[in-house]
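Working notes for the structure below.
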Amino acid sequence: MAHRIINWIDHRFPLSSFVKHELTGYPTPRNLSYWWNFGFLAGFVLVLQVATGIFLAMHYKADIAMSFDSIQHIMRDVNYGWLLRYMHAVGASAFFFVIFVHMARTLYYGSFRAPRELMWWTGQVLLLMLMATAFMGYLLPWGQMSFWGATVITNLFRATPFIGDQVVVWLRGDYMVGDATLTRFFALHYLFPFLIIGAVVIHLVALHTVKSSNPSGINLADKDNIPFHPYFTIKDLYGLGLFLIVYSVFVFFIPDSLIEPANNIPANPMQTPNHIVPEWYFLPFYAILRSVPNLVGGVVAMALSVMIFAFMPFLDRSRIPGGAHYRPIYKLQFYLFLLDMLVLGYVGYVPPTSQTLIIGQIATLCYFGSFFLVPFISKAEERWLMKRGLPLEVKELIEKESHDKEMRKRKPLRRKEGTV
Amino acid sequence: MGNETLSDGDRRDFLIKLTSVVGGAGVAATCVPFVASMNPSSDVLAKAETEVDLTDIPAGGMRTVAWQGKPVFILRRTPEEIQAAQSSNGIIDPEPDSKRVQKPEWLVVIGVCTHMGCVPNKEGPGWTCHCHGSQYDDSGRVVRGPAPHNLEVPPYHFVAENKIVIGKA
Ligand code: HEM
Ligand code: FES
């Protein structure tokens, strides 16, 4: 019976072939490590956020007179409301954690390089949309941190040339963050995750065109690929189990560790808390904002600090295949960059003093410096590695790549049939 | 219509361009109401004026009132405070005290830090903003950054000896 139904559908819609090509039979490099689990985890957390969010929205009220109390109502009266809210609040942090690891993996293994530039850029768009979604969601509980976070960040749009003040009022729908702001943030907070789902589809179509990278950094021959199912379904599920253990520890035992205490006080437009901090995932960028003494400069630096990742495919000029594993200097640079991120995160967290200001400014310079230096360092490293002597296979690979590139320039690429 | 007119390439090109321009203008015009709907609505604009009775503010005391949802500080300055405010012009954004008050006794400023919009706290003489450490004097002038400008003076006028309306000069 089931067979006949599937047959009936296959006559009218490419169901079986789609499942076979893109899901179960999708050819996957056999050597993927656990760092390749994080894309799947990001997708999982996205589903989790949408599910918990929709059920929260059934009880939440987007009205400044009611929203703070409606969160209390969810926490106290709604059946398992506390669970939904904690899952959603912790889920936002989990989402950023997973995405940051996913990006670090891509940087480390050089997976942003040709032919995966479009994957890197759609990923960059996803990061921006995720940031916007989380920022707007954070206003919804209408606590002190919600209110002042939204006030400070909407105020940044004053840096828009000529019409800065009007832009801020337009964004808020009021002279201050108010009821109009809350309502529109809720509407957009509901919308954006679905735009994210659309962008994820584009991300995946690009993935299935260029195929997964792998720890060796070399595109494996077909014989080294294995079908996604059951090998990677099971690997992803195992990783998911580990992830869920950590996630559950946060949800059930320390849910408040990620919620600022000040956000349990209702928003008060007449009184700023003594110390406003953004959520942890914004701290490094916030530190860069604060390190520049001028408003416009700070806003530009902060925007650039997020967007600069998009330039990586152009900045990395090395032709050595493989990731940081085979590139000692790039590897060093990668770890120094992570360290710099941590320093910035710390500086963004503590109340500003003249000392942290200087540390923040140095760390900001290092942040941008490490990007600007990539073209020179990667080229010098390539020369050094070549002089030191590369294995014959690698040399052949580099020659083949540059040969292919020449050929592509001469006549436009025609994709081989059957490699969809 | 003759066959030549139908296959006239220039005519086709022109019509395609014209249609695109008219269609584009239509789309742009349709966006206007959507964008405008996000600007403050009439009821938000209606709270543009606030009347404040000043009688119960003691000398040296401060009151915070809401105007357009923003905090406005009303400070009744003592003769010493007035003298201190008049003796300097501020440092970062110089402006004489006389330009910032209508009656020296009453300082009316918007309590929104010109850096990123936090509400400064009244501390000692003047205000301190805890967000990034800006300081303002008893004339609302910035004396320590990162704030770039003095606290803004809202439009207001005295309707009686002890009553002001904020929102209209
Ligand atoms: C990309 C996925 C999403 C992210 C990263 C995200 C993030 C957030 C964050 C950070 C908060 C504040 C949490 C708190 O402190 O309580 C929040 C609240 C909220 N979100 Fe989402 N969200 C997402 C998707 C959704 C979706 C699809 C809905 C569906 C309507 C939704 C509905 C809500 C509601 C009703 C609240 C207020 C209740 C609360 O604060 O717990 N969210 N969201
Ligand atoms: S907002 Fe007041 S110092 Fe930054």
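The values are calculated or read from the model by the stated rules, or taken from the named source; none is laboratory data. Everything numeric in this text was worked out from a predicted model, so none of it was measured. Quick reminder, even Gly has a Cβ in these numbers, built from the backbone with ideal geometry, and neighbours come from all protein chains shown.
In segment A:18-31, the residues that are over 14 Å from A:S212 (Cβ atoms) reach residues that are modelled with pLDDT under 90 and among the aliphatic types (A, V, I, L, M) with C-beta atoms within less than 8 angstrom, at least six apart or across chains, in these pairs: A:H21/A:V420. Might you let me know whether segment A:239-256 holds any residue that is out of contact with any Lys or Arg (no Cβ under 9 Å at 6 or more places or on another chain) and within 30 Å of A:T154 (Cβ to Cβ)? Yes, there is a match, as at least one residue in segment A:239-256 is out of contact with any Lys or Arg (no Cβ under 9 Å at 6 or more places or on another chain) and within 30 Å of A:T154 (Cβ to Cβ).
When B:Q135 is tested against (1) in contact with a strand residue (DSSP E or B) (Cβ under 6 Å, 6 or more places away or on another chain); (2) facing chain A (nearest Cβ under 10 Å), just one condition goes unmet, and that condition is (2). Pairs linking a residue in segment B:122-148 that is outside the structural domain of B:R77 (by TED's automatic domain parsing) and under 21 Å from A:N294 (Cα atoms) to a residue that is assigned to a loop (DSSP other than H, G, I, E, B) and within 16 Å of ligand 1 (Cβ to nearest atom), with Cβ atoms under 7 Å and 6 or more positions apart or on different chains, do not occur. Would you confirm whether or not segment A:168-191 contains a residue that is within 24 Å of A:G297 (Cα to Cα), in contact with a Cys (Cβ under 8 Å, 6 or more places away or on another chain), within 12 Å of another protein chain (Cβ to nearest Cβ) and not hydrophobic (A, V, I, L, M, F, W, C)? No, the conditions are met nowhere in segment A:168-191.
Note on segment A:63-108: residues that are over 21 Å from A:Q144 (Cα atoms) and either acidic (D, E) or not assigned by TED's automatic domain parsing to the domain that holds A:F250 (or both) total 1.
The residues on offer are A:Y247, A:Y175, and the sole one that is crowded, with 18+ Cβ neighbours inside 10 Å and either among the charged types (D, E, K, R) or without any contact (Cβ under 8 Å) to a residue 24 or more places away in the chain (or both) is A:Y175. Among the residues of segment A:233-249, just one is aromatic (F, W, Y) and in contact with a Leu (Cβ under 7 Å, 6 or more places away or on another chain), namely A:F243.
When restricted to residues that are among the β-branched types (V, I, T) and in a loop (DSSP other than H, G, I, E, B), segment B:134-169 contains 1.
Each residue in segment B:35-59 was checked for being polar (S, T, N, Q), exposed (fewer than 12 other Cβ atoms within 10 Å of the Cβ), under 30 Å from A:F185 (Cβ atoms) and more than 10 Å from every other protein chain (Cβ to nearest Cβ), and 1 of them qualify. No other residue among A:R76, A:R12 is more than 17 Å from the chain's Cα centre (by Cα) and over 30 Å from A:P266 (Cα atoms) apart from A:R12.
Exactly one residue out of A:A221, A:A206 is in contact (Cβ under 8 Å) with a residue 60 or more places away in the chain and among the small types (G, A, S): that is A:A206.
What tally of residues in segment B:138-151 results from selecting those that are within 16 Å of ligand 2 (Cβ to nearest atom) and more than 11 Å from every other protein chain (Cβ to nearest Cβ)? Adding up the residues that qualify gives 7.
Considering only segment A:106-113, I want to know if a residue exists there that is surrounded by 15 or more Cβ atoms within 10 Å (Cβ to Cβ), near ligand 1 (Cβ under 10 Å from one of its atoms) and away from chain B (no Cβ under 14 Å). Looking through segment A:106-113, none of the residues is surrounded by 15 or more Cβ atoms within 10 Å (Cβ to Cβ), near ligand 1 (Cβ under 10 Å from one of its atoms) and away from chain B (no Cβ under 14 Å). For B:N89, the conditions (1) within 14 Å of chain A (Cβ to nearest Cβ); (2) farther than 20 Å from B:G60 by Cβ are fulfilled apart from (1). Selection over segment B:113-129 of residues that are under 15 Å from B:A66 (Cα atoms) and touching a Gly at 6+ places or on another chain (Cβ under 8 Å) gives a count of 2.
Residue under question is A:M129, and the condition is that it be buried (at least 21 other Cβ atoms within 10 Å of the Cβ), of a type in the set (A, V, I, L, M) and in contact with a helix residue (DSSP H, G or I) (Cβ under 9 Å, 6 or more places away or on another chain); does it hold? No: the conditions fail for A:M129.
For A:Y281, are the conditions met, namely being over 19 Å from the mean Cα position of the chain (by Cα) and hydroxyl-bearing (S, T, Y)?
no
For the residues A:P293, A:P227, A:P278, A:P269, the requirement of being away from chain B (no Cβ under 14 Å) and not small (G, A, S) singles out A:P227.
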